[in-house]
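The values are calculated or read from the model by the stated rules, or taken from the named source; none is laboratory data. Values in this document were obtained by computation on a predicted structure and should not be read as measured data. Cβ sites come from the backbone with ideal geometry, for glycine too, and all protein chains shown count toward neighbours. Just so you know, the surface numbers come from the protein's heavy atoms only, side chains and all, with ligands and any DNA or RNA stripped out. Shrake-Rupley method; radii C 1.70, N 1.55, O 1.52, S 1.80 Å.
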Amino acid sequence: MISKNLIKFVRSLEQKKIRDRERMFVAEGPKVVGDLMAINKPVAVVATDEWFNANSTTPGHADAVVSNDELRKISFLQHPQQVLAIFRIPEAKPRPDACLHELCLALDRVQDPGNLGTIIRVADWFGISTIFCGNGTADAFNPKTVQATMGSIARVNLVYTDLCALLDTLPQGTPTYATSLSGKDIYEEKLSANGLVIMGNEGNGVSEEVMRRVNRTLLIPNYSLTKGIDSLNVAIATALACAEFRRRK
């Protein structure tokens, strides 16, 4: 049975200000919770008997065994998946020099939680361990974002920072890429094994302030024979860009 206080606390973590204050977030489903538990101990677990039995875990003092109906009352999902857990938000590792040695992503005002979660998952797939999230980017620990990562949030270092300030600190000549409709064809350009690849806002792309600080712009060409489509979803564009960078490695 789950206490009213725990229900209230779980629901409050939907709000960013509460997550920031408590430094905690909610994860749901066996895959996401399992990946996070492999790295971090949860603060509390709310799960069905089926989940506890399958995971050989004895409920602790902050945990609760619930029915599917009870889980549905506190879940942020339309169809709850056996388990919900609360974790502490990990301390970010700033690593401003990471892109000197490896390929990193940066996000300029990517606002949709689902897009952000998918990008985190894409980064994990392509072995990109650090994402710099610029001002205006969605909160990575929003329940929708966490769910969209499918557990990858446990393995990717997320650094919230001012992208202009970050770019200003990089040594001259560091490869810095931004996607742009006026950029050069990504499939024809020489790409480096290290550097920073910047993906922009869903509607407006990379901001002028950031664009002025990059030294290379890239275009994912449009092969459509009609004029009905003029842009790609940012998460899809990120996947295509990462795939091409890794293909050249």
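Counted by Cβ distance under 15 Å from F76, the other residues give a net charge of +3, where Lys and Arg count +1 and Asp and Glu count -1.
Surface analysis of segment 184-249 yields an accessible area of 62 Å² per residue, using protein heavy atoms and a 1.4 Å probe. Once the Cβ-Cβ distance of N222 and S129 is raised to the sixth power relative to R0 = 35 Å, the FRET efficiency obtained is 0.70.
Taking amide H as placed 1.01 Å from N in the peptide plane, T176 has its amide H under 5 Å from the amide H of L196, N215, R216, each at least 5 places away in sequence or on another chain.
For segment 182-230, applying the loop criterion from DSSP together with a ceiling of 10 other beta carbons within 10 Å to the GluC sites (Glu not before Pro) yields E188. Charge dipole (Cα centre; +1 on Lys/Arg Cβ, -1 on Asp/Glu Cβ; no other charges) of the chain amounts to roughly 200 debye.
Taking amide hydrogens as placed 1.01 Å from N in the peptide plane, the amide H of M24 sits under 5 Å from those of I89, each at least 5 positions away in sequence or on another chain.
Checking Cβ-Cβ separations below 4.7 Å across the chain identifies C133, C164, C242 as cysteines lacking any candidate disulfide partner.
Across segment 149-156, coupling constants 3J(HN,Hα) worked out from phi with the 6.51/-1.76/1.60 Karplus curve, θ = phi - 60°, read 6, 6, x, 5, 4, 6, 10, 10 Hz, and Gly and Pro carry x. Between amide H atoms placed 1.01 Å from N, distances below 5 Å from N157 occur with T130, I131, all of them 5 or more places distant or on a separate chain. Between D139, D108, D97, the GNM of the chain built on Cα springs shorter than 10 angstrom shows D97 fluctuating the most. Answer rounded, prolate or oblate for segment 120-240, using the Cα gyration tensor with square roots of eigenvalues a ≥ b ≥ c: rounded when a/c is under 1.5, else prolate when a/b is larger than b/c, else oblate. Because a/c hits 1.5 or more and a/b fails to exceed b/c, segment 120-240 counts as oblate. The residue list L218, L240, M199 was ranked by how far each Cα lies along the charge dipole of segment 130-249 toward its positive end, using unit charges on Cβ atoms, and L240 comes out on top.
Between the alpha-carbon centers of segment 31-49 and segment 145-162, tell me the distance in whole angstrom. With segment 31-49 and segment 145-162 each reduced to a Cα centre, they are spaced 16 Å. If you sort the three axes of the alpha carbon gyration tensor as a ≥ b ≥ c, you get a/c of 1.5 or more for segment 97-168 and a/b no higher than b/c, which makes it oblate. Taking a ≥ b ≥ c as the square roots of the eigenvalues of the alpha carbon gyration tensor, segment 173-249 is oblate, as a/c is not under 1.5 and a/b does not beat b/c. Expressed as a whole percent, the accessible area of the chain that falls on carbon and sulfur atoms is 51 (1.4 Å probe).
Taking the DSSP beta bridges in the chain as the whole, what percent of them are antiparallel, to the nearest 5? Display every interim value, and only then the final one.
Values: 10 of 32 bridges.
Approximately 30 percent, going by the DSSP bridge assignments.
Over the chain, DSSP H runs of length four or greater, each weighted -39,500 (n - 2.57), average out per residue to a 222 nm ellipticity of -9000 deg cm²/dmol. Taking GluC sites (Glu not before Pro) across segment 43-136, the ones in a DSSP loop with at most 10 further Cβ atoms lying within 10 angstrom of their Cβ are E91.
A straight chain from S231 to A62 at 0.36 nm per residue would run longer than the Cα-Cα distance by 56.1 nm. Sequence-ordered 3J(HN,Hα) estimates for segment 208-219 from the Karplus curve with 6.51, -1.76 and 1.60 and θ = phi - 60° stand at 4, 4, 6, 4, 5, 9, 8, 10, 8, 10, 10, 10 Hz, glycine and proline given as x.
For segment 147-249, state which chymotrypsin sites (Phe, Trp or Tyr not before Pro) are in a DSSP loop and have at most 12 other beta carbons lying within 10 Å of their beta carbon.
Of the chymotrypsin sites (Phe, Trp or Tyr not before Pro), the ones in loops of segment 147-249 whose Cβ has at most 12 other Cβ atoms within 10 Å are Y223.
Approximating the spin labels as points 7 Å out from Cα along Cα→Cβ, the H101-to-N5 distance works out to 4.5 nm.
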